[in-house]
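Below is one structure, written out as structure tokens, with a few remarks after it.
The values are calculated or read from the model by the stated rules, or taken from the named source; none is laboratory data. Predicted, not measured: the structure shown is a model, and the values here were computed from it. Neighbour counts run over all protein chains shown; Cβ positions are idealised from the backbone, glycine included.
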Amino acid sequence: MRNRFSCLLLSLLSLVSLSSHAQRLPQTVKPEHYTLKLTPDLKSATFTGKESIDAVLSEPASTITLNSAEIKFLNVAASFDGKSIPAKVTEDASKQQAKFDFAQKIPAGKIKLEISYTGILNNELRGFYLSKTAKRNYAVTQFESTDARRAFPCFDEPAFKATFDITLVVDKGDTAISNTNVVKDEPLPDAARHAVTFAVTPRMSTYLVVFLVGDFQCLSGSSDGVPIRACATPDQVQYGAFALSAAEYVLHYYNTYFGIKYPMPKLDMIAIPDFEAGAMENFGAITYRETDLLLDSKHASVGAQRRVGLVVAHEMAHQWFGDMVTMQWWDNVWLNEGFANWMENKPIEAWKPEWNMTQEVIGGTQDTLDLDAQHITRTIRAKADTPDEINEMFDGISYGKAGAVLLMVENYLGEETFRQGVHKYLAAHLYSNATAEDFWSAQTEVSHKPVDKIMDSFVSQAGEPLLTFGSIDGSVLPVEQQRFFLNAKNKPETAETWTIPVCFKILGNTSDGNSGSDGNSSKEKCEILSASRQSLTSPPASFLFANAKGKGYYRTSYPDEIYRKLVQHAANDLSPEERLSLLGDTWALMQAGKSTVAAYLDLVAAIDNDSSPEVIDSVRASLNAIDSQIVSTPEERKQLSAWVRVHFAPRYKKIGSPQPGEAPSQRELRAELLLLAAGLGDDQESISEARTITEHSLADPSSVENTLAGTALGIAARNGDGALFNQLQKASTTAPNPQSRAEALHALALFRDPALEKRALDYAVSGQVRNQDAAGFLASEIRGRDTRNLAWQYVQDNWDKVTAQLTEFGGAYIVGATGSFCSADRVDEVTNFFAQHKVAASARTLARARDQINDCVDLRKAQEANLKSWLSKQQP
Ligand code: BES
Ligand code: ZN
């Protein structure tokens, strides 16, 4: 009986796995080399293709299956042993595959597939697509994750690496850019077009191929002998200088760090007017959305500069992690994205130390820890087989969590040891593929430390540990670990444990007399925690902080006597990163019912004079969350507002107006304080000052400091009238540089006057806003406390217009934004709406959004009374 049952179960299981693997190609045919000649027609939005694929059959076959989508086959044949036989083509649109059937068996060994076909230049921002400016059309590509098959039939999986020989036939006067340098450029007999041929690429995955056609102009530079260009449409090319100098710095930095030279003959970076993602790491020719590559250095905010620097460094890191060494399959996409996310900060920190990258990073870790403490989360490595499942992998877990885990391990091993492990891993898999085990084995061998155990526990288990410390007893510190959930309702199901490198900062009186009063000279010590209960041997100290530099991927809970001391000493003895971590932990414990909103607010009061903009930003986000999630009466809202005003408006006034030559952190701090005072603080004087700044900056952008101006614009819009709306709507398309256009567009989503909000929503779906921006715009309307009700109703009522604007990832942004509601009836409404209006690649996002709404409802119930009583005690 038992046997029969398990047999049935087994065969059911294999059916399931068969169907989920149905979209995978067989391993019996391996491509080695593609020769591609593509002729796009930008006017009719079509293209023709001639392709030959050199492949090897590991066994005789009469059918060959590969990927294709929206391709019309004209002629297909296979040649081998000096003869050529035609194929009958059967397409399976649902699997995005084409099957070539041959009348005879082809023997094992080398063959050549000859394919001629036509395709369309679509408007969907993926595959081979059209991008438009007022002047003309461009034909460009975006292939990650599974869209190379829309441009050429191919074995479209990351492990089928091959070399590529590409020719683009383009109009006279048009330029063509691809992965490698141009080796031949010849006019066609008709003289109206020319054929541009590129050098053969190294072995690479299909998702990294790129073709760009149109009128691009470039600024040129070089680094370590590699020519680098920053390219854009002709009117924008002047704004590429900043990114070009970032790339020059970063290329040399990476050559040195990796000990493996950048391998391509050149590096191009190209801004594309219509681009769905932020940027894409195509080997040797990185594509960007305009705001992530171009900026006007004279007028850019610190944030905009940092963003461009980071995106450049991120995509360049992928030239090693991703392009030279690629994950075997998408289940391990963190090997690409987590690595790039961890790596991007290094060269930027070295290039611009004044940008305080490490604070940014640790601030980001807090958000990731909150994401991962939701009931619905996933393991870093996770099953992903269909294109939708693969696209859902590009989330806060692959980027944020994987990056944070790498940072924790690096901090534990030491930078140089970790670097050697990285080198060993890369060198072993160059121009090939790798798995998670390949990475942590290399690190384990180099360091002789249990990196495999540490990483396996964080990569293969969902969620994060909470470390609960007992009281210090002499030199013994008891600690327990268990999975942490933001909602107290969720209990750990099994006794999961992690292998955690815990690094302490020893504070208070130590035996060697270090008083710990200087944040930098305090002692640090790391220990491995692996059992669910353990006693750590800490040097005698009256108290300590159990997440030195904030680099550990865990939450901590201390006994009262230690926590109270940490609050007292936070301002002077903890670094900004450690304060971010303490704030994050206290906030998370409050949500989980292990602390109170009063305790969180007392911590804020203890550090209200903080000079780190990142710390103030974290405080601001939490205060806003208290306002929109816990406050339940207008009276309380007034009290909270008054408290914020008292604590932060005087600081804004004291910091004074911008001075030439100020440090970036000072400029950002001023902007953060204004945002707190004029936002939650509702300080009328600050609001009118924001209006004045905005008037000046709209009249003459160079008359105001740009970081402050960007913030002031948002405040002015939030409190703005029809005249300002008109001005910004115009600026969103006509401002000279990409950042100013984007800032104006974002500000349109902040107007609170319902009539203006309605105009903004109409505008977003009018077709005048680029599809790349529409979903983000609507999502920000749905996230806004004062705009969300109207916006969500509007999106539901106008779903047809909304979907007409949605890109591949856009729908998921809107689904995710509904997670900011906070009432039980919204859960049903959101569930029902998206059950009837399916959005691609958003299953997990929807589950998370519902989870988040439920968590918020529970949070309000749990903390409402506590907040009320705390606020009543704050009265002057
Ligand atoms: N590889 C991604 C872009 C991508 C993701 C393309 C998913 C297709 C599907 C790229 O490296 C990336 O991560 N871009 C980020 C910017 C980066 C600085 C975090 C982006 O697009 O936002
Ligand atoms: Zn990336």
### Summary
Pairing a residue in the range 266-281 that is within 16 Å of ligand 2 (Cβ to nearest atom) with any residue that is hydroxyl-bearing (Ser, Thr, Tyr), where Cβ atoms lie under 6 Å and the two sit 6 or more apart in sequence or on different chains, gives Glu276/Thr807; Ala279/Tyr288; Met280/Thr287
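For Ala427, are the conditions met, namely being of a type in the set (A, V, I, L, M, F, W, C), more than 16 Å from ligand 1 (Cβ to nearest atom) and either over 23 Å from Leu580 (Cα atoms) or crowded, with 23+ Cβ neighbours inside 10 Å (or both)?
Values: of a type in the set (A, V, I, L, M, F, W, C): yes; more than 16 Å from ligand 1 (Cβ to nearest atom): yes; either over 23 Å from Leu580 (Cα atoms) or crowded, with 23+ Cβ neighbours inside 10 Å (or both): yes.
Yes: the conditions hold for Ala427.
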### Query
Of the conditions (1) touching a strand residue (DSSP E or B) at 6+ places or on another chain (Cβ under 8 Å); (2) farther than 25 Å from Ala775 by Cβ; (3) within 11 Å of ligand 1 (Cβ to nearest atom), Glu276 fails just one. Which one is it?
(2)
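Just name the residue that is nearest to Ile397 (Cα to Cα) out of those in the range 325-334 that are hydrophobic (A, V, I, L, M, F, W, C) and away from ligand 2 (no atom under 11 Å from the Cβ).
Quick first cut of the range 325-334, residues hydrophobic (A, V, I, L, M, F, W, C) only: 325, 327, 329-330, 333-334.
Going one step further and asking which of them are away from ligand 2 (no atom under 11 Å from the Cβ), we end up with 325, 327, 329-330.
Details: Val325: 21, Met327: 16, Trp329: 17, Trp330: 14 Å.
Looking at the filtered set, the residue picked out is Trp330.
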### Task
Looking at (1) under 30 Å from Thr28 (Cα atoms); (2) more than 16 Å from ligand 2 (Cβ to nearest atom), find the lone condition where Leu130 falls short.
(1)
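The rows are residues; the columns are (1) of a type in the set (A, V, I, L, M); (2) over 16 Å from the mean Cα position of the chain (by Cα); (3) closer than 20 Å to Gln142 by Cβ.
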site: Asp274; (1), (2), (3): no, yes, yes
site: Leu295; (1), (2), (3): yes, yes, no
site: Arg306; (1), (2), (3): no, no, no
site: Gln319; (1), (2), (3): no, yes, yes
site: Thr326; (1), (2), (3): no, yes, yes
### Summary
Filtering the range 123-178 down to residues that are assigned to a strand (DSSP E or B), hydroxyl-bearing (Ser, Thr, Tyr) and within 16 Å of ligand 1 (Cβ to nearest atom) yields Tyr129, Ser131, Thr141
### Query
Just one of the numbered conditions (1) outside any helix (DSSP H, G or I); (2) under 19 Å from Tyr554 (Cα atoms) is not true of Lys489; which one?
(2)
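For Leu778, indicate whether it is of a type outside the set (Asp, Glu) and buried (at least 24 other Cβ atoms within 10 Å of the Cβ).
Spelling it out, Leu778 is indeed of a type outside the set (Asp, Glu) and buried (at least 24 other Cβ atoms within 10 Å of the Cβ).
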### Query
Any chance the range 249-256 includes a residue that's part of a strand (DSSP E or B) and either within 16 Å of ligand 2 (Cβ to nearest atom) or surrounded by 22 or more Cβ atoms within 10 Å (Cβ to Cβ) (or both)?
no
### Query
What is the residue count in the range 336-379 for residues that are of a type in the set (A, V, I, L, M), over 14 Å from the mean Cα position of the chain (by Cα) and within 16 Å of ligand 1 (Cβ to nearest atom)?
2
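Does Asn706 satisfy the criteria of being of a type outside the set (Phe, Trp, Tyr) and over 30 Å from Phe821 (Cβ atoms)?
Values: of a type outside the set (Phe, Trp, Tyr): yes; over 30 Å from Phe821 (Cβ atoms): yes.
When the stated conditions are applied, Asn706 passes them.
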#### Entry: Checking Ser823 against (1) of a type in the set (Ser, Thr, Tyr); (2) buried (at least 16 other Cβ atoms within 10 Å of the Cβ); (3) under 28 Å from Gln591 (Cα atoms), the condition it does not meet
(2)
### Summary
Filtering the range 492-503 for residues that are in contact (Cβ under 8 Å) with a residue 40 or more places away in the chain and either in a loop (DSSP other than H, G, I, E, B) or hydroxyl-bearing (Ser, Thr, Tyr) (or both) leaves a count of 3
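Quick one: would you say Ile380 is of a type outside the set (Asp, Glu), at pLDDT below 95 and in a loop (DSSP other than H, G, I, E, B)? I'd like the intermediate steps shown before the answer.
Values: of a type outside the set (Asp, Glu): yes; at pLDDT below 95: no; in a loop (DSSP other than H, G, I, E, B): yes.
The answer is no for Ile380.
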### Residues of the range 677-694 classified as farther than 16 Å from Gly656 by Cα and either free of Cβ contacts under 8 Å to residues at least 12 places away in the same chain or hydrophobic (A, V, I, L, M, F, W, C) (or both), total
2
### Message
Between a residue in the range 779-807 that is part of a helix (DSSP H, G or I) and any residue that is basic (Lys, Arg), which pairs come within a Cβ distance under 6 Å, given they are 6 or more apart or on different chains?
### Response
Ile782/Arg788
### Summary
Of the residues in the range 303-331, those that are crowded, with 24+ Cβ neighbours inside 10 Å and more than 13 Å from ligand 1 (Cβ to nearest atom) come to Ala304
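Just give me the residues in the range 292-324 being of a type in the set (A, V, I, L, M, F, W, C), outside any loop (DSSP other than H, G, I, E, B) and more than 14 Å from ligand 2 (Cβ to nearest atom), in sequence order.
Within the range 292-324, Leu293, Val302, Ala304, Val308 qualify.
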### Query
Which fully enclosed strands (runs of 3 or more DSSP E) of the range 504-623 have 2 or more residues being closer than 23 Å to Gly474 by Cβ and modelled with pLDDT under 95?
523-529, 533-537, 543-545
### Task
Considering (1) in the same structural domain as Ile472 (by TED's automatic domain parsing); (2) more than 30 Å from the chain's Cα centre (by Cα), say which one Leu574 fails and leave the rest.
(2)
### Query
Does Leu74 fit the bill of being farther than 18 Å from Pro26 by Cα and of a type outside the set (Gly, Ala, Ser)?
yes
